[in-house]
Protein chains: 2
Amino acid sequence: MMREKKMQIRDIGEFPLIERLAETLGHAARGAGYGVICGIGDDAAVLQMTPGYRLLATCDMLVEGVHFDWNYFTPQQLGWKALAVNLSDIAAMGARPRWALVSLGLPPDTLLPRVEGVYHGISQLADRFGVTLVGGDTTSSPAGTVINITVLGEAPRSRIAYRSGAREGDWLLVTGELGGSAAGLACFQEGGEPVGEEEVTRAYLTPWPRVREAAVLMNSGLVGALNDISDGLASETAEIASASGLGAVIMEERIPISSSVRRIAGHLGYDPLRWALFGGEDFELLLTIPGGKGAPLQARRLARSLKKATGTPLTIVGRMLPAGEGIKLEKKDGTVQELSERGYNHFRGS
Amino acid sequence: MMREKKMQIRDIGEFPLIERLAETLGHAARGAGYGVICGIGDDAAVLQMTPGYRLLATCDMLVEGVHFDWNYFTPQQLGWKALAVNLSDIAAMGARPRWALVSLGLPPDTLLPRVEGVYHGISQLADRFGVTLVGGDTTSSPAGTVINITVLGEAPRSRIAYRSGAREGDWLLVTGELGGSAAGLACFQEGGEPVGEEEVTRAYLTPWPRVREAAVLMNSGLVGALNDISDGLASETAEIASASGLGAVIMEERIPISSSVRRIAGHLGYDPLRWALFGGEDFELLLTIPGGKGAPLQARRLARSLKKATGTPLTIVGRMLPAGEGIKLEKKDGTVQELSERGYNHFRGS
């Protein structure tokens, strides 16, 4: 009998592997009380939506050598992140994630603990948000690991936020702090050991999707447009502006960047503002609320209730401008620059 | 300006590519009247289910060098097949497919017509069944092409068929004919040109998912268990038997194998029975109906209505046996053999 930890996935068949993984997944795969009529084990999952709700669906594919490097990620961290990016997309619509389907392609010589680790990471994060793994596919992939996760969510029709929901004069706000994920990646790539790097490497490896924050924000009834920051503040602001037929201005001095990120940027010789604007993968929420006389008070109240409910700060970073104004950055000295969209491009590299 | 056909996907950004593809997809991506509130272009699709219906979800990943070979498939054929295997899984639950999400990983030097071809193939098949492409991800994949499709479907709760729905004494029936896909693959692998190979290469490259057949079968109210044949008749029968806590017998002389498949098998020196039992990827439906006195008449009527509605034949191939009988093959000479599960195993190879 082969020792279990030395087993490669080619040594066991596909069916035993799925059964094994269902054990690893524990109750995240069982789904009793989670709207799961039939989960893993038949041709398709059978799910029960909340009556009258709309269905949300999103998917993301992470490819070894493009989106992640096994030198940086443990299997658990990869599983966590692959789910997190999808939960973030559901949160970015203001909706609640409910179910996930995982397709995992692995080199045939992959050791079993790595496979189990990936599913364990998925299951850890899924558990935090009541998300159930209801299906998937596990296959060999000669040239490297590929993971695709589809997340299904739901929301009442009146509680879904689109990118196109911004109006001229709206205020632009962001949850949490920016640049952490780019700083984390830079720490790995530079190989240095700046003080306080755990915070930023965690932001890069195991981002925390703003699902609860989205619920609090949507509850306020104030949200116009909503987006998650997967490609940097500049690119996501441009997306909201473009979808809403508007321009926008971002105020440099308001962009929330943590002291750790500034310190690490200084240490490694990077510009922390570029990380925040173009670094991507922060998975914070970017939203608009109505401008006008009541806006300062509304923004303060919203920030207070978000902080109280989730511990996450909320910061005003800009305003929506008329169409044709483009995307601008108002510098600390009062000068204004045009911002081009220079977020991460998956074909051209970063 | 670069000539369009020579453009590689690395030459254009991710956003222009998705926009371009949305054009290729035509109305399959628009989804007016198809329950699509918001399709491609926001963080997640927003979909409207039929009130009171249950949600079905399935996904499959096809990897270059494991599930397909560019020497055999055109881009259109690959797109078609990647969607077909998922539509077949929804049909295998008796349900109606409605929406699809496509993740496509491609080498950065992939030429644009190949990418567009894949989406064109998906869209061709999607159109036939009123399925709308509502989301996806397009990314680079250094080592080869990977495609993952998730299909979402729906059905009334009383009209969903599970593998576990068989009872002792039920009859086992199959739609269409078996072994065609394996024969098609053999034609490519052997490189010969047997007479009539178009029928079988088509079965391998562009299988026709039995979505309409599933609807007719479910309408009859007779279906107990239902499965699609993706891993050969033996393996799928074993799955129904196992999920239902039963055994089963397959009658060799009843297995529907076309004259083309027999001729090609003879020409290439293969056993057509092995193709049907273990060859896989036929994507026909395997189902049970109640046995007993009325069964012969019911089976004939069901076959007649299926033929009339869809042109597809329906054949009795076996019976469900008590638990502990295992899976048996009754040979033409009346002798009985134990059938082991020897369908395609994705890690061990075929």
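The values are calculated or read from the model by the stated rules, or taken from the named source; none is laboratory data. Computed from a prediction, not measured in an experiment: that's the story for all the values here. Quick reminder, even Gly has a Cβ in these numbers, built from the backbone with ideal geometry, and neighbours come from all protein chains shown.
Condition check ((1) within 18 Å of A:Lys332 (Cα to Cα); (2) part of a strand (DSSP E or B)) across all residues:
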site: A:Met218; (1), (2): no, no
site: A:Asn227; (1), (2): no, yes
site: A:Ser230; (1), (2): no, no
site: A:Ser235; (1), (2): no, no
site: A:Glu253; (1), (2): yes, no
site: A:Leu277; (1), (2): yes, no
site: A:Phe283; (1), (2): no, no
(request) Please work out if A:Asp43 is at pLDDT below 80, on the phi < 0 side of the Ramachandran plot and within 11 Å of chain B (Cβ to nearest Cβ). (result) no
(request) Answer yes or no as to whether A:Gly232 is under 20 Å from A:Asp60 (Cβ atoms), touching a residue at least 60 places away in the same chain (Cβ under 8 Å) and either in contact with a Lys or Arg (Cβ under 8 Å, 6 or more places away or on another chain) or among the hydroxyl-bearing types (Ser, Thr, Tyr) (or both). (result) yes
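Can you pull out every residue in the range A:206-216 that is under 16 Å from A:Ala303 (Cβ atoms), within 14 Å of another protein chain (Cβ to nearest Cβ) and of a type in the set (A, V, I, L, M)?
Of all residues in the range A:206-216, those under 16 Å from A:Ala303 (Cβ atoms) come to A:210, A:212-216.
If we keep only those that are within 14 Å of another protein chain (Cβ to nearest Cβ) as well, we get A:210, A:214.
Listed by number, the list holds a single entry, A:Ala214.
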(message) Take the residues in the range A:97-111 that are surrounded by fewer than 23 Cβ atoms within 10 Å (Cβ to Cβ) and touching a residue at least 60 places away in the same chain (Cβ under 8 Å); name whichever of them is nearest to the other protein chains (Cβ to nearest Cβ).
(response) A:Pro108
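Yes/no per residue for (1) acidic (Asp, Glu); (2) buried (at least 18 other Cβ atoms within 10 Å of the Cβ); (3) within 12 Å of another protein chain (Cβ to nearest Cβ); (4) under 16 Å from the mean Cα position of the chain (by Cα):
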site	(1), (2), (3), (4)
A:Pro113	no, no, no, no
A:Arg128	no, no, no, yes
A:Thr138	no, yes, yes, no
A:Ser141	no, yes, yes, no
A:Ile160	no, yes, yes, no
A:Arg167	no, no, no, no
A:Gly184	no, yes, no, yes
(request) Within the range A:14-32, identify whether any single residue is modelled with pLDDT under 65, facing another protein chain (nearest Cβ under 7 Å) and surrounded by fewer than 21 Cβ atoms within 10 Å (Cβ to Cβ), and answer yes or no. (result) yes
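Considering only the range B:143-158, state which residues are away from chain A (no Cβ under 11 Å) and free of Cβ contacts under 8 Å to residues at least 60 places away in the same chain.
Within the range B:143-158, just B:Ser158 meets the criteria.
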(message) Restricting to the range A:289-305, count the residues that are crowded, with 19+ Cβ neighbours inside 10 Å and within 14 Å of A:Glu213 (Cα to Cα).
(response) 1
(request) Determine whether the range A:203-226 contains at least one residue that is touching a His at 6+ places or on another chain (Cβ under 7 Å), surrounded by fewer than 22 Cβ atoms within 10 Å (Cβ to Cβ) and of a type outside the set (A, V, I, L, M, F, W, C). (result) no
(message) Between a residue in the range B:51-66 that is closer than 12 Å to A:Leu47 by Cα and more than 7 Å from chain A (Cβ to nearest Cβ) and any residue that is part of a loop (DSSP other than H, G, I, E, B) and of a type outside the set (A, V, I, L, M), which pairs come within a Cβ distance under 6 Å, given they are 6 or more apart or on different chains?
(response) B:Tyr53/B:Pro156
(request) Looking at (1) surrounded by fewer than 21 Cβ atoms within 10 Å (Cβ to Cβ); (2) in contact with a Leu (Cβ under 8 Å, 6 or more places away or on another chain); (3) among the aromatic types (Phe, Trp, Tyr), find the lone condition where A:Tyr53 falls short. (result) (2)
(request) For residues that are of a type in the set (A, V, I, L, M) and closer than 19 Å to B:His67 by Cα, scanning just the range B:143-153, find the one that is surrounded by the fewest Cβ atoms within 10 Å (Cβ to Cβ). (result) B:Ala143
